[in-house]
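The values are calculated or read from the model by the stated rules, or taken from the named source; none is laboratory data. Note that this is a predicted model, so its numbers are computed, not measured. Glycine gets a Cβ as well: all are built from the backbone with ideal geometry, and neighbour counts include every protein chain shown.
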Amino acid sequence: MADTVRIPWLRDQHNHASLYASFIGCSTLAGLNAEESLAVLRGLEPGRLAVVFGWHSALAPLRTTDLEDLPPAVIVNLSMHGFALSDAALPMLAVDQPDMVAHRGDAEWGERNLPQLLEFFSRAAGLTPGKLTILMERLESLGLGSVDDMLIPGEEEFQVIQQSRWAGYIRCWATPRTFQTLGPASREALAGLKFFTDGALGSRTAALRGRFRDGRNGLLLYEDAELQRTLGECHGFGKPVAIHAIGDQAIEQVLVVLERLDRDGVRFPLVRMEHVQFIDEIQARRARQLGLVLSMQPNFNSDSRDYADRLDARSLAINNPFRMLIDRAGFTPGKDLIFGSDGMPHGVEYALQWGLFPLYPGQRISIEELVAGYGPHPEGKGWSDVEIDHAQRRVRLVGSCREH
């Protein structure tokens, strides 16, 4: 028999709200196979550059001959790591995005320039107040009342958020490069600076100590000295920092660099490590010693199912080691262990499904831990009813309501 539990609206502490909002109204390939994806792409407007998202490059690969015959399109991978350009899009991008044109199909270049690419996708799709409202109301219906936007594209998009009724519910982060283009008031209002140190599992570019099953290595985006210099140069901004590191090799690099900076007296108001899916216990204890906050995604427990084609059995089992972090390393949900979704997908239902009923026991978190890790939406303005069937190992969101 299922139990129904009422929980407050939560804060998604790792999201890309401005990017997802900008995609509203764009064509999507999410959930489509190769034939269906090509049908959508062939139906795009011939004379206008389209931004298309949700492409699953593994399930719906696009051949060179496919791209030759399509209308102008920028096709964004489901994971946001990776893109394709139709041939008809090349002349439209040649002036403003020459490097993107020159390096299409180059996965390493794409990872090394990911922040700029994501910012371009958002600008090309276009963020408007109406799109932002649609997204935030959709998030409320999924049990989320507020978010951290981890990559604001620029001043224009920041102002769309700041001048909206959602301004108090979206904390914005930006890369150091974008931060320096913002006006003084926007810099002051920004939550912090975002850095990337490796890629992603979907694109086989997360920096693991071992190889992916096809023999490929992941990708570190910095040399140690370069990362140390970059962080040191940003210290003077006085902002918290959030550092993307998925693989254990990337996690190790970040810890080594932060330990060196700490010994030199270079400390930030707050350091968040984002994702850290393959952190081990020794690394976790070093992270606690440094006073770091781990920002993780319970919904990424499903990577242990979805990426069985590219990760070995050991890696599948050690992904998202929540029980180790909480029970042995001493992290506390809501204090130095916080949760978000990365928008993959949004909402409390999928996070609870994979948090309560993961494939591996070490990934399990309780509903109380999940709620604490997400944290309540400011002002406590809403609640969600969630049906939990332990016998069937199933979670279902049955209602979400704003309190008046």
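Brief remarks follow.
- Filtered residue count, region 44-80, keeping only those that are touching a residue at least 24 places away in the same chain (Cβ under 8 Å) and over 17 Å from Ser203 (Cα atoms): 16
- Val40 being in contact (Cβ under 8 Å) with a residue 24 or more places away in the chain, outside the structural domain of Ala391 (by TED's automatic domain parsing), in contact with a strand residue (DSSP E or B) (Cβ under 9 Å, 6 or more places away or on another chain) and among the β-branched types (Val, Ile, Thr): no
- Hey, Ser203 touching a residue at least 60 places away in the same chain (Cβ under 8 Å) and hydroxyl-bearing (Ser, Thr, Tyr) or not: yes
- Exactly one residue among Ile326, Ile282, Ile246 is under 22 Å from the mean Cα position of the chain (by Cα) and modelled with pLDDT of 95 or more, and that residue is Ile246.
- Look at (1) touching a residue at least 40 places away in the same chain (Cβ under 8 Å); (2) aliphatic (A, V, I, L, M); (3) crowded, with 21+ Cβ neighbours inside 10 Å and you find that Ala191 fails only one, number (3).
- Within region 91-109, the residues that satisfy the criterion of being surrounded by fewer than 16 Cβ atoms within 10 Å (Cβ to Cβ) and of a type in the set (A, V, I, L, M) are Ala94, Val95, Ala102.
- Qualifying residue in region 157-169 (condition: in contact with a Lys or Arg (Cβ under 7 Å, 6 or more places away or on another chain) and on the phi < 0 side of the Ramachandran plot): no
- Comparison of Glu281, Glu349 shows that the only residue that is more than 30 Å from His56 (Cα to Cα) and touching a residue at least 12 places away in the same chain (Cβ under 8 Å) is Glu281.
For every residue, the table says whether it meets (1) in contact with a Phe, Trp or Tyr (Cβ under 7 Å, 6 or more places away or on another chain); (2) β-branched (Val, Ile, Thr); (3) at pLDDT 95 or above.
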site	(1), (2), (3)
Pro98	no, no, yes
Glu111	no, no, no
Leu127	no, no, yes
Gly143	yes, no, yes
Cys172	yes, no, yes
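- Region 85-111, residues that are of a type in the set (A, V, I, L, M, F, W, C) and either in the same structural domain as Tyr222 (by TED's automatic domain parsing) or farther than 22 Å from Leu44 by Cα (or both): Val95, Ala102, Ala107, Trp109
- Region 24-34, subset in contact with a strand residue (DSSP E or B) (Cβ under 6 Å, 6 or more places away or on another chain) and either of a type in the set (Lys, Arg) or assigned to a loop (DSSP other than H, G, I, E, B) (or both), residue surrounded by the most Cβ atoms within 10 Å (Cβ to Cβ): Leu29
- Some residue of region 338-348 being in contact with a strand residue (DSSP E or B) (Cβ under 7 Å, 6 or more places away or on another chain) and within 19 Å of His390 (Cβ to Cβ): yes
- The one condition in (1) in contact with a Ser or Thr (Cβ under 6 Å, 6 or more places away or on another chain); (2) closer than 19 Å to Phe331 by Cβ; (3) without any contact (Cβ under 8 Å) to a residue 40 or more places away in the chain that Met273 fails to fulfil: (1)
- Meets criteria (crowded, with 19+ Cβ neighbours inside 10 Å and of a type in the set (Asp, Glu)) for Asp214: no
- With respect to (1) of a type outside the set (S, T, N, Q); (2) over 23 Å from the mean Cα position of the chain (by Cα); (3) in a helix (DSSP H, G or I), the lone exception for Gly373 is condition (2).
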